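Q: The structure that follows is given in the form of structure tokens.
Only the coordinates and a few stated rules stand behind these numbers; no lab work does. Quick caveat, the model's predicted, so the values are computed rather than measured. Reconstructed Cβ throughout: ideal geometry from the backbone, glycine too, with neighbour counts over all protein chains shown.
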Amino acid sequence: MSILYQLFVWLCLVYSPGLCSHRGKRAITSFRVTLPGSGQAVNEVNAGVEVHITCDVTGDPSPDVDIYKYSEAGQNLGSLSAVSDGNNYQALPNSDVTQLGIKTYRFTPVMNGTFRCENHGDEMTLQLIVKHPPVPLDPPTTAQEEQGDVIVYRSTAYRGDGPVVAMAVQYRPFGGDVDVWNTTAEVTEDSYVISGLPVGNRYKVRLVLVRPGEGGRGAPGPDVTVRIQFIEGDTFSGSVIVGSLLGIIILAVLTVAILHTVYKARKEENMFALATFQLERGELTSIPKEMTGKRLAYLRLHTGEWKKTGTYRVEAEELDKYMETTGFDGLIWQFEALPDELIYKCKVARRPENTPKNRYTNSIPYDYSRVELQPLPGKPTTNSDYINASWVNGYSKSKAFIATQGPSAETVDDFWRMIWDYGPKYIVMLSDLIDKSKVPCAQYWPDKEASLRSGDLLVTLKKKDVMADYIFRTFTLQKAGDDASQYEITHIQYTGWPQHRAGTPPYSTSLLNIIRTIKLTDPEEMETPIVVHCGSGVDQTGVFIALYAMTDMLEEEAAVNIREFVVQMREYRCLMVSCVDHYLYIYGSVLEAERCGKTVTRTDQFLTYAESKLGLTGSKRGALYCQEFAKLQTLCPNPSAERTATGALPVNEGKNRFSNLLPDDKRRVTLSTPLSDTDSNDYINAVYLDSYKSQKGYIVTQAPLPNTVTDFWCMISDTGSNIIVMLNSISESCPRYWPAHASATYGPFNVEVTNTQIAPHVTEREFQLTNTFNHKKTTVRQFQLTNYTDDGDSAPLTAPEYLHQLWAEVHKWFKQSNMDGPITVHCESGAGLSGVFCTVDMTLDRSEVERAVDVFQAVRMLRHHRPEMVCTEDQYKLCYQVVQKHLQTTITTTD
């Protein structure tokens, strides 16, 4: 603003204020976001790039103006001078009051924003789109084809915004300064070659991805360790010297090199033939040092050398101590030292016609261990025999597993061709169909009991059983139009894995149970491989195969060698068990398997097992069920005070029957219906527990106290529970909580008895529950066990046949009613007989689906969130007796 103009304004205000009070039309002439260097106007920027937002207004003289931030819903969040949203707005000097018609702020945007320039009656709005530079999710894939060269391939999986238009490679010596990286120039190709690296040295390599625009370079992704290999048969290179003598020398050198390579290959072939001959005769004492690649892996497997390697073999009884002394840091070091680069050729997977079949560039099969499909008639072998799948050896069986990626929409037909070609009994799926908005696996099976046509194959869903942590499906597969070719496949989808690749389930019980169930299969049915897949075919897939093999080793040798088995898996498929959390999870799960031991039995063998092994009759001393119960007591300590803090509050003390039996805060039932204008307490001594068929399938609680009857009915109404199982007698401390006659009111709840059926040992009642606060009506069925015994170790018991009768009635009504609410189970404590009922229900449900009986693991799962469940040896014995009674009844009925 010029000095003459300011003088004019002063004179006008002094001598002619009326003239100065007259203002011209005020209008916003421009409202823009610009880059400070170039002044270019933009409506899209990369996060972290400084921009200026400027509003110009004309007037006579120029009026005051400001810029405001608005929410997505259109709410004014205030002037940029006062908004605090992480963008760090700062007014520039040219927005000083001496220039009332211009307002400029500088800031570094981190999120999308809507801005409005306002000047009394005029306004203008703009929206700024903020893109986040891409960051690789996976370490880069590398390969070595020339001496001293490393080919680094661009990652396709990243977080942030695309498109990716370039990449740069960063690398540093292994063990060097972690903050000093060599960075290459940005390239637009899908790969970059780092040259001149010394043979034998190791390097850390990572990628930086770039999107369009200023500041489009993202943060580095995870790194991979690469060892520079000696490449035999490299082409001789040097200065070109014209002359026949030099030509002869070069020819001679090449001839010697070729002859040496041929000699070495033939020597290895002969040594391998001799070694396998000695192996068959039991005379092989050591693996020849000439062995490499597939031959080395074969001999290491069949000699069992990988099991004995170094200090990584741990005896079963030492595993707990080994993990404690090694510690997290030691186990993490083990993982970091694993070979993590592609060490064999992957030419088939990288053919242009096959790359669209790979979900990830670093999860591809080696040529020598890939699973080959029967080529399609009339199609080239180079394309039609390829699937992203690898053979992986088990503990003692060659090609025990096929590790593969989750089928995409384009490879579903290839997947079913593989199943047809190799005839597996089991497919184990370890991913969901959606993983944080990504699709790690296409649905490759038909919905409901229908058929899916896949090429010339027909896939039919015959049965589906949904459980809390996994789904069992039974498929039949046949050539279309050829019923005689049909065979049956069991498909097990584990749903308990968190929805991100690096996560782990909170417990390993369910995953180990799947492995235990598969191992009950007749050996002749397990001659074919088990197909295992997740999204990538290396993450959860590697965990499952390692657990399967290590539990085999536990049973055979009472020892494990986790680290060397993971190394062996990576010989067959690169990056198996790809993150450290998965590696630690394997150790924890194997320790769980070792502590628990083998407690599962086939359903058709259980009665014989119970009579000959468990010791259910006679003295307790040495009885197997007593040993199992003692083991449970050591595995399930009482919860810490932090886990039960809400129940221990003074305001809640009067709502607990026993002060040492409080609900886990992570699983406690919270009340939502207000019981009065002054009472907002949401506490009741009750917890959600998973049943076999659904998460939070049970509500386990103590019998209502005189002062918690209203809380009890509030819980039933709020949770939509339709079944109550009552396992205690009525007494002064355990009063009747339902009306003696037609109906009664408990706080805001009206309970009406609509039906009563009295039978020996079990009484059934039907209630109509009305919540007068929200007018919700619930039909509730109560099953009351009426006969108890005083036998046992000072804890309530009942006869096995009585509890079996109760369970049968509850089970029948639950299936007929199609209710999906939780079953509420209560006894005096909410742990003793309640635990017995839940254990029996879980065990018999599993027996029906998996044809496996495991009382121990049922109690183990219940105790994850209620460690007091099944309090005594006699209650644990009762669980077995009820299961035994049911199976005896089932056999009698069938006969």
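Q: Of [x] -0.25, -0.37, -1.19; [y] -0.29, -0.44, -1.22; [z] -0.17, -0.27, -1.19, which one was derived for log10 I(q)/I(0) by the Debye sum over Cα atoms at q = 0.04, 0.05, 0.10 Å⁻¹ from the structure shown?
A: Computing log10 I(q)/I(0) by the Debye sum over Cα atoms at q = 0.04, 0.05, 0.10 Å⁻¹ and matching it to [x] -0.25, -0.37, -1.19; [y] -0.29, -0.44, -1.22; [z] -0.17, -0.27, -1.19 gives [y].
Q: May I pose another question? Describe numerically, in nm with one decimal, the distance between label points set 7 Å from Cα along Cα→Cβ at residue 271 and at residue 41.
A: Between residue 271 and residue 41, the simple spin-label model gives 7.4 nm.
Q: From the square roots a ≥ b ≥ c of the eigenvalues of the alpha-carbon gyration tensor of segment 159-232, which class results: rounded (a/c under 1.5), prolate (a/b over b/c), or oblate?
A: Taking the square roots of the gyration eigenvalues as a ≥ b ≥ c, segment 159-232 is prolate.
Q: Ok, one more. At a 10 Å Cβ-Cβ cut-off, how would you order 51, 187, fewest neighbours first?
A: The most exposed by this proxy come first: 187, 51.
Q: Packing-wise, with mean Cβ within 10 Å as the measure, how do 718-729, 660-671, 312-323 rank, highest first?
A: Highest to lowest by the protection proxy: 718-729, 660-671, 312-323.
Q: Would you mind classifying segment 359-404 by shape? Square roots of the alpha carbon gyration tensor eigenvalues, ordered a ≥ b ≥ c; an a/c under 1.5 is rounded, otherwise it is prolate if a/b is larger than b/c and oblate if not.
A: In terms of gyration-tensor shape, oblate.
Q: Still on this structure: What length, rounded to one decimal in nm, is gained on full extension from residue 254 through to residue 607, with 0.36 nm per residue of separation minus their alpha-carbon distance?
A: Length gained between residue 254 and residue 607: 119.7 nm.
Q: Using the beta-carbon distance between residue 127 and residue 367 and R0 = 45 Å, what value does 1/(1 + (r/R0)^6) give for FRET efficiency, to the nearest 0.05?
A: 0.30
Q: Separation of segment 628-687 and segment 388-452 by C-alpha centroid, Å?
A: Here the answer is 43 Å between Cα centres.
Q: Here is a further query. Relative contact order, percent, of the chain when contacts are C-alpha pairs under 8 Å separated by at least 6 residues?
A: Relative contact order comes out at 7 percent.
Q: Over all alpha-carbon pairs of segment 540-692, lay out the pair-distance distribution in 5 Å bins, whole %, shortest bin first.
A: In whole percents, the pair-distance histogram is 1, 7, 11, 10, 11, 11, 11, 13, 10, 7, 4, 2, 1, 0.
Q: For segment 671-769, just say rounded, prolate or oblate: build the C-alpha gyration tensor, square-root its eigenvalues into a ≥ b ≥ c, call rounded for a/c under 1.5, and beyond that prolate if a/b exceeds b/c, oblate if not.
A: Note, shape of segment 671-769 comes out oblate.
Q: If we count every other residue with Cβ under 12 angstrom of residue 208's Cβ, Lys/Arg +1 and Asp/Glu -1, where does the sum land?
A: Neighbour charge sum, excluding residue 208 itself: +2.
Q: Still on this structure, please answer the following. Can you compute the helix-only [θ] at 222 nm over the chain? Use -39500 (n - 2.57) per DSSP H run of at least 4 residues, normalise by all residues, nearest 500 deg cm²/dmol.
A: Value at 222 nm, helices only, nearest 500: -9000 deg cm²/dmol.
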